[in-house]
Structures are given as structure tokens and as C-alpha cells.
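The values are calculated or read from the model by the stated rules, or taken from the named source; none is laboratory data. It should be emphasised that the depicted structure is a prediction, and the values quoted were computed from it without experimental measurement. Cβ placement follows ideal geometry from the backbone for every residue including glycine, while neighbour counts extend to all protein chains displayed.
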Amino acid sequence: MALAMLVGGPDAGQPVVGPGAAQLLAALGINRLSLLEDPSGIAVVLEGWAFDSAHIDDAVRVIYPDAIAGVRVFREIEQIAVVRAAAGRSIR
């Protein structure tokens with residue numbers, strides 16, 4: 001599964017996540033989108049089993065159609081599964 005996060009700068013405008021954008025993202029293989037927010041702005045997390053991160057620029061144009069620049073793209077570099085330790089063992 002590919003994962004990417006888009007962070008729009010002040011000039012990027014608001015992310016577009018309506019039905020039309022969802023259809024275009026689905027065509028790119030993205031099947032999950034999450035919005036994250038803090039005081040500095042909104043981040044968009046894209047996930048998809050069929051998503052090829054080589055097409056991230058297409059996804060950026062869907063989410064931020066009015067942004068000419070100012071969208072930071074964070075690409076996944078590794079996934080790590082975390083499991084609970086066995087009973088009676090402590091983690092230090």
C-alpha cells in the first residue's frame with residue numbers, strides 16, 4: 001500500500017475533497033483520504049493499495065487544483081508494524 005501526505009502552504013488554498021475529487025483519486029488507486037489539521041494548516045494523507053506514488057503529482061493537482069507551488073509532499077519511506085508485548089514482559 002502506498003502512502004503519501006500533502007501539506008499545503010499559505011498560497012495553496014484549501015484542499016478539494018468533494019465527490020469529483022474522490023472519483024479522480026479513486027482512478028489513481030487511492031481508496032482512503034484523511035485530513036489532519038493543526039494551527040498552521042491542513043495536511044491530506046492519501047492511501048491506496050493500487051496507488052503508484054510515481055503519480056503523486058496528479059494527486060496533488062486533484063487535491064490542490066489552484067496551487068501553482070507551495071504543496072509539500074511527504075512520501076512513505078518505510079512501514080513498521082507494532083505489536084503488543086507478551087504478558088508479563090515490560091518494554092523499556
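Confirm whether Leu33 is under 26 Å from Pro10 (Cβ atoms), in a strand (DSSP E or B), touching a helix residue (DSSP H, G or I) at 6+ places or on another chain (Cβ under 7 Å) and free of Cβ contacts under 8 Å to residues at least 24 places away in the same chain.
Spelling it out, Leu33 is indeed under 26 Å from Pro10 (Cβ atoms), in a strand (DSSP E or B), touching a helix residue (DSSP H, G or I) at 6+ places or on another chain (Cβ under 7 Å) and free of Cβ contacts under 8 Å to residues at least 24 places away in the same chain.
Go through (1) in contact with a helix residue (DSSP H, G or I) (Cβ under 8 Å, 6 or more places away or on another chain); (2) within 23 Å of Gln79 (Cβ to Cβ); (3) modelled with pLDDT under 95 for Val16 and report which single condition fails.
(2)
Being in a loop (DSSP other than H, G, I, E, B), out of contact with any Pro (no Cβ under 7 Å at 6 or more places or on another chain) and either on the phi < 0 side of the Ramachandran plot or not hydroxyl-bearing (Ser, Thr, Tyr) (or both): is that true of Glu78 here?
Yes; evaluated as a whole, the condition is true for this residue.
Just to check your reading of the model, which residue among Ala12, Ala54, Ala21 is assigned to a loop (DSSP other than H, G, I, E, B) and either among the aliphatic types (A, V, I, L, M) or buried (at least 16 other Cβ atoms within 10 Å of the Cβ) (or both)?
The conditions single out Ala12.
Using the structure shown, decide if Val73 is outside any loop (DSSP other than H, G, I, E, B), more than 11 Å from Ala4 (Cβ to Cβ) and among the β-branched types (Val, Ile, Thr).
no
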